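Everything on this sheet refers to the single structure shown next.
The values are calculated or read from the model by the stated rules, or taken from the named source; none is laboratory data. None of these values were measured; they are calculated from a predicted model. Don't worry about glycine lacking a Cβ; one is built from the backbone with ideal geometry, like all the others, and counts go over all protein chains shown.
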Amino acid sequence: MGTENVPSSIVQFAQLDKLLNLGRANSLWPMTFGLACCAIEMMCTGGSRFDISRFGAEVFRPSPRQSDVMIVAGTINKKLEMAVKTLYDQMPEPKWVIAMGNCAISGGPFKVKENYNVVEGADKLFPVDVYIPGCPPRPEALLEGIMTLEEKITGKRRWPRVHAG
Amino acid sequence: MDIREKTQIALALLFPAAPVTEVPVVAEGPPPPRDAGVVIQDFPRCGSHLDVLCRPDQVVAVAQIMDTEGFFLESIAGVDWLEKQQLEVLYDYNRLGGEHCRVMVRTLVPRTEPVVPTISAVFPAANWHERETFDFYGVHFQDHPNLIRILLPEDADFHPLLKDFMP
Amino acid sequence: MTVPISLRHDETFVLNLGPQHPATHGVLRVILTLDGEYVVKAEPVLGYVHRMHEKLAEGGTFAQFMPNTARMDYLHALAFNHGWALVVEKAAGIEVPERAEYIRVITVELNRIASHLLWWAAFLLDLGGFTPLLYAFDDREKIIDLLERVTGSRLTYCYMRFGGVYNDIDDEFIAGTRAFIKRLRSRMPRFYHDLVTHNIILIKRIKDIGFITPEQCRRYGATGPVARGSGISYDIRKNEPYSVYPEFDFEVPVFDECDSMARYMVRMHEMEQSLRIIEQALDKLPDGPVMGKAPKVLKPEAGYYYSAVETARGSLGYRLICDGGKNPYKLKLRSPTFSNLSLFGEVAEGMLLADALAFMGSLDLVIPEIDR
Amino acid sequence: MDQVVLTNIIYVTIFLIGALLFGFGPIIIVKLLSPSSHTRQSAGRADQLIECGMEPIGSAWIRFGIIYYLYALIFLAFDVDVLFLFPVAVAYNSPGLGFRDFFEILIFVTILSLAIVYAWRKGVFIWERKTYRHQ
C-alpha cells in the first residue's frame with residue numbers, strides 16, 4: 001500500500017480506506033511539472049491518441065495544493081532543487097512521485113564526470129514511488145507507470161499486464 | 001561595392017599600417033599569434049567572411065562600426081587557451097536580411113585578469129551574452145549594467161567551462 | 001503612448017512567474033514587478049534547466065555530441081542534428097551524397113511542421129483554448145509516426161551522421177508523407193484557420209499586442225518568425241542557402257505588422273511552405289547511397305568554423321573551434337530563443353499581465369534551448 | 001403555539017442545522033481523516049505560499065490602483081439590485097402584477113445601471129498600455 005509511511009490520522013477505517021484508495025488510484029491528479037523533453041511526451045499522453053484520461057489522470061493541476069501525484073518529467077538541476085523540494089512539501093498527503101525519464105531516475109545522459117549542475121535522480125530529494133525509464137519514455141510507458149502506481153495504491157492490478165514477446 | 005569590402009575598409013581604419021596578411025594555417029594546436037588586423041576568410045570553408053583580431057580596448061569601437069554598418073550581434077563566445085594562458089572573447093556579427101556577410105571579431109586577454117569593456121550600450125543583445133561568458137569563463141566586462149551569473153546558481157563560485165575546471 | 005508614470009515604492013509588488021508555471025512552457029522564471037494588472041518591469045531568470053551541453057561537447061568526440069543536440073531543442077531536433085552535421089562536415093571536409101541531402105531536407109521540414117503544430121497547440125492553451133491542442137496533436141502524431149519509421153525515436157532524434165543519414169527512407173515512408181501532405185492541406189483551412197485564426201477571441205487577444213520594431217529585432221538579435229513578423233525578410237534557407245535548399249522554390253512569409261498576430265500568421269504560412277518543400281523534395285528525390293565516406297575518428301583541421309541553420313524558432317549557429325584533436329576544443333551554440341527572449345523585458349513593459357503572457361506565447365520559447 | 005407555526009419553526013431549524021453542518025462539516029472531517037502530526041517533508045516548506053516553487057518576494061499588501069475599487073463598487077450596485085429583484089421574481093406571475101409594475105422595475109434597474117455609465121465616463125473600462133519612468 002502506498003500510504004503506509006504516511007503518519008496515521010485520528011480516525012482509522014479498514015474497509016473505508018480500501019474504498020478511498022480505490023477512488024484515489026483512479027483519479028490521480030498530476031501536477032503540471034514538465035521540465036524538459038519528457039514534458040512533451042507527457043503532453044502527447046494527454047493528447048487524444050494515448051489519452052491519459054482513460055485512467056482518470058488527465059486533470060493536470062498547476063498548483064501543488066490540488067495535485068496528488070508529481071510526475072517529475074525532466075532534469076532537476078541545482079538551481080531548481082529548492083523549488084522542487086518546496087513543491088513536494090506543498091503537496092497535501094497522500095502524495096506520490098513518478099520519476100519519468102532517465103534524468104529524473106539517475107541524471108540520465110548528464111551523469112558524467114564533468115557534471116557540475118545536475119541532481120542525479122529525483123530520489124535524492126524525496127521518496128519516489130514509480131520509475132519510468134526512457135529518454136524520453138514513450139507515452140505507453142507513462143501509462144504503464146500510472147498503472148503501476150494504481151497497483152501500488154490499491155494492491156491489485158486492474159489492467160492485464162502485457163508481456164513482451 | 002558590396003557590403004564585405006565596405007565593412008572591411010571601415011574596420012581597417014582601426015588598425016593603422018597593418019597589412020592584410022594571409023594567416024598560416026596550422027593543423028594542430030591553438031592558432032598562431034598574429035598582429036591585430038582584418039583577414040578575409042573563404043566563407044564555404046569556415047563560415048565567416050571576415051576575421052578581425054583586435055585589442056580589448058578596441059572592442060567598443062568595432063561594435064560601433066558594426067552598428068553603423070547595420071550588422072546585428074549574433075553571439076559572444078569565450079575560449080580558454082590554457083597553454084598560452086590566454087582567454088579569448090569571440091564576437092559574431094551577421095546581417096539581418098539583405099546581402100549576406102558574417103564577421104568574427106576576436107580579442108585576447110590574459111587569463112589572470114580577463115577584463116573586456118562591455119558593448120551592451122551599443123547592442124543590448126550583448127547584455128545576456130556577456131553575462132553568460134562571465135558565468136562560464138569569469139571574463140569581467142567593465143561597466144556592464146548588472147554583471148551577475150545568468151545560467152548557474154547565483155552562489156556558484158566556479159567557472160565551469162575553463163579547461164582546468166573539474167567538479 | 002501615455003505620459004510616463006513614476007510609481008512610489010509601495011505601489012508595486014513583485015510576482016514570480018516562476019519555474020513551475022503552465023505558461024512558461026518549461027522552467028523559465030520571470031520576476032514581474034506589477035502595478036495592479038500592469039507589468040512595470042519583467043526580468044527573465046534563466047538557468048533552471050541548464051544541462052552543461054557545452055561542457056559535454058568538450059568532453060566527448062564529435063559523434064558523441066549528436067544525441068545532445070536533440071536534447072536542446074527537442075521540438076525541432078532534426079534541425080539541430082543538421083546544424084551539427086553541417087559544421088563538422090565543413091570542418092572535416094566530408095562529402096554528403098545527393099540522396100542524403102534530400103532526405104535531410106524532407107525530415108527537417110517534417111519536424112518543422114511538427115514543431116509549429118506543438119507551438120500552435122501550446123499557444124492556444126495559454127490563451128485558454130483546449131480543443132486546438134487535440135487537433136494539432138492528432139496531426140503531429142501522424143508526423144511522429146512517419147519520422148519514427150525512419151529515425152527510430154519519437155522526439156529526440158539522432159538520425160544524421162557525418163556524411164549522410166543513418167537509415168534510408170522506403171516507399172511506405174514516401175507514400176505516408178504524400179498522404180500526410182494531402183491530409184494536412186485539407187484540414188488546414190477548416191480546423192486551423194476557420195476554427196482559430198478567424199476566431200474573434202484570438203484576434204482580440206493577440207492583435208496589436210507585443211510590438212517589436214525591426215530596429216529592436218536588430219539590436220537584440222531576434223531572428224526567425226519573431227523577426228519575420230516585424231517585416232525583416234531573413235530566413236537562412238534563403239539568405240545563406242545551405243544543403244539543397246536552393247533547388248526548391250518557396251517563399252519566406254513576412255508580415256510587417258510587428259505584433260503577435262503577425263508572428264502567428266508567419267508560422268501558419270511557414271507550415272504551408274514546408275509542405276511545398278517536402279512535395280518538391282519527394283518529386284526530385286534522386287537514387288544512390290545514403291551514407292558517404294567518413295573516417296571513423298574525425299580529426300578536423302584546427303581553426304574557427306561556424307554554420308547557421310534555420311530552425312522553427314530562428315537562426316541556430318554552431319561556433320566550433322577545433323585544435324586538431326578528436327574532441328571539439330570549444331563549441332558555442334547560438335540558440336535563437338536566447339536572443340528572442342532577451343527583448344521580452346523591454347517589450348513587455350507597460351503591458352497588461354494577460355497580454356504579456358500572450359506575447360510570451362507568440363515568441364515560441366523552448367527553455368532547454370535557452371539554458372543549454 | 002398552534003401546529004402550523006411549530007412545524008415551520010422545525011423546518012427552519014433543520015434547515016439551519018443543515019447549513020451549519022454543510023459549513024463546518026468538511027473542516028471536522030478533514031481534522032479527523034488528515035494525518036495528525038505532519039506530512040512528508042523534504043525542505044520543511046509545507047506552509048509557504050504557492051508561488052511557482054519560489055520564495056515570495058516582498059508583500060502584496062500595497063496601495064492598489066483606485067480602478068479596481070470602482071469595479072467592486074459596480075458589482076456592489078448590481079448585487080443590491082438583484083437582492084431587490086428577488087421578491088419581484090417570486091411575485092412575477094401573480095395576476096396583480098400589471099404593466100405598470102413592470103415599468104417600475106425597469107426604471108429601478110436603469111437608475112442602478114447609471115453606476116456603469118458613471119464608471120464608463122471615468123475611464124474605468126479603458127485599459128491602455130502605460131509607460132513607466134524608472135527612478
Which numbered condition residue A:108 fails, given (1) touching a Pro at 6+ places or on another chain (Cβ under 7 Å); (2) crowded, with 21+ Cβ neighbours inside 10 Å; (3) modelled with pLDDT under 90: (1)
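Filter the helices (runs of 4 or more DSSP H) completely within region C:18-128 down to those with at least 1 residues that are under 17 Å from the mean Cα position of the chain (by Cα) and within 15 Å of residue C:331 (Cβ to Cβ).
Per the criteria, C:66-70, C:77-92.
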Top-ranked residue in region B:108-125 [being among the hydroxyl-bearing types (Ser, Thr, Tyr) and more than 14 Å from chain C (Cβ to nearest Cβ); ranked as farthest from the chain's Cα centre (by Cα)]: B:112
Condition broken by residue A:151, with the remaining ones in (1) under 15 Å from the mean Cα position of the chain (by Cα); (2) closer than 20 Å to residue C:49 by Cα satisfied: (2)
Residue tally, condition in contact with a strand residue (DSSP E or B) (Cβ under 9 Å, 6 or more places away or on another chain) and either surrounded by 20 or more Cβ atoms within 10 Å (Cβ to Cβ) or within 23 Å of residue C:276 (Cα to Cα) (or both), over region C:152-167: 5
Residue in region B:71-86 that is within 13 Å of chain C (Cβ to nearest Cβ), loosely packed, with under 14 Cβ neighbours inside 10 Å and either touching a Gly at 6+ places or on another chain (Cβ under 7 Å) or modelled with pLDDT of 85 or more (or both) present: yes
Every pair of residues 6+ apart whose Cβ atoms lie under 7 Å, when the first sits in region A:108-135 and is under 16 Å from residue C:50 (Cα atoms) while the second is hydroxyl-bearing (Ser, Thr, Tyr) and buried (at least 19 other Cβ atoms within 10 Å of the Cβ): A:110/A:75; A:118/A:75
Any hit, region C:171-192, residues being under 19 Å from the mean Cα position of the chain (by Cα) and more than 30 Å from residue C:324 (Cα to Cα): no
Helices (runs of 4 or more DSSP H) fully within region C:139-255 counting 2 or more residues that are more than 14 Å from chain B (Cβ to nearest Cβ): C:171-187, C:200-206
Residue satisfying all of: in region A:11-57; of a type in the set (D, E, K, R) and in contact with an Asp or Glu (Cβ under 7 Å, 6 or more places away or on another chain); surrounded by the fewest Cβ atoms within 10 Å (Cβ to Cβ) among these: A:49
Residue within region C:14-31 that is over 25 Å from residue A:120 (Cβ atoms), touching a residue at least 60 places away in the same chain (Cβ under 8 Å) and in contact with a Phe, Trp or Tyr (Cβ under 7 Å, 6 or more places away or on another chain) present: no
Hey, residue B:107 part of a strand (DSSP E or B) and hydroxyl-bearing (Ser, Thr, Tyr) or not: yes
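Yes or no, residue by residue, for (1) in contact (Cβ under 8 Å) with a residue 40 or more places away in the chain; (2) closer than 25 Å to residue B:82 by Cβ; (3) out of contact with any Pro (no Cβ under 7 Å at 6 or more places or on another chain):
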position	(1), (2), (3)
B:122	yes, no, yes
B:127	no, no, no
B:133	yes, yes, yes
B:139	yes, yes, no
B:150	no, yes, yes
B:154	no, no, yes
B:160	no, yes, yes
Residue among C:117, C:127 that is closer than 27 Å to residue C:353 by Cα and buried (at least 24 other Cβ atoms within 10 Å of the Cβ): C:117
The lone exception for residue A:83 - which of (1) out of contact with any helix residue (DSSP H, G or I) (no Cβ under 6 Å at 6 or more places or on another chain); (2) more than 15 Å from residue A:32 (Cβ to Cβ); (3) within 11 Å of another protein chain (Cβ to nearest Cβ) it fails: (2)
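Each row is one residue, and each column tells you yes or no for (1) modelled with pLDDT of 90 or more; (2) away from chain C (no Cβ under 14 Å); (3) touching a Leu at 6+ places or on another chain (Cβ under 8 Å).
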{"residue": "D:6", "(1), (2), (3)": "yes, yes, no"}
{"residue": "D:24", "(1), (2), (3)": "yes, yes, no"}
{"residue": "D:32", "(1), (2), (3)": "no, yes, no"}
{"residue": "D:38", "(1), (2), (3)": "no, yes, no"}
{"residue": "D:50", "(1), (2), (3)": "no, no, no"}
{"residue": "D:70", "(1), (2), (3)": "no, no, no"}
{"residue": "D:95", "(1), (2), (3)": "no, yes, no"}
All positions within region C:233-250 that are under 18 Å from the mean Cα position of the chain (by Cα), surrounded by fewer than 24 Cβ atoms within 10 Å (Cβ to Cβ) and farther than 21 Å from residue C:89 by Cα: C:233
Leading residue by the ranking (nearest to residue C:47 (Cα to Cα)) among those in region A:18-77 that are within 12 Å of chain C (Cβ to nearest Cβ) and among the basic types (Lys, Arg): A:61
Within region B:126-143, tally of residues that are more than 13 Å from chain C (Cβ to nearest Cβ) and either assigned to a loop (DSSP other than H, G, I, E, B) or under 17 Å from residue C:219 (Cα atoms) (or both): 3
Options C:282, C:298, C:275; residue that is over 30 Å from residue B:31 (Cβ atoms), touching a Ser or Thr at 6+ places or on another chain (Cβ under 9 Å) and touching a residue at least 40 places away in the same chain (Cβ under 8 Å): C:282
Residue ID - surrounded by the most Cβ atoms within 10 Å (Cβ to Cβ), chosen from residues in region C:286-334 that are out of contact with any Lys or Arg (no Cβ under 7 Å at 6 or more places or on another chain) and of a type in the set (S, T, N, Q): C:311
Residue match in region C:84-107 (condition: in contact with a Leu (Cβ under 8 Å, 6 or more places away or on another chain) and within 14 Å of chain A (Cβ to nearest Cβ)): no
Per-region count, region B:40-59, residues in contact (Cβ under 8 Å) with a residue 12 or more places away in the chain and surrounded by fewer than 16 Cβ atoms within 10 Å (Cβ to Cβ): 3
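With the condition being over 12 Å from the mean Cα position of the chain (by Cα), under 28 Å from residue D:51 (Cβ atoms) and not aliphatic (A, V, I, L, M), I'd like the helices (runs of 4 or more DSSP H) fully within region A:1-105 carrying at least 2 qualifying residues.
Output list reads A:37-46, A:81-90.
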Enumeration of residues in region B:52-83 that are in a loop (DSSP other than H, G, I, E, B) and touching a Pro at 6+ places or on another chain (Cβ under 6 Å): none
The listed residue being touching a Lys or Arg at 6+ places or on another chain (Cβ under 7 Å) and over 20 Å from residue A:139 (Cβ atoms), out of C:117, C:127: C:127
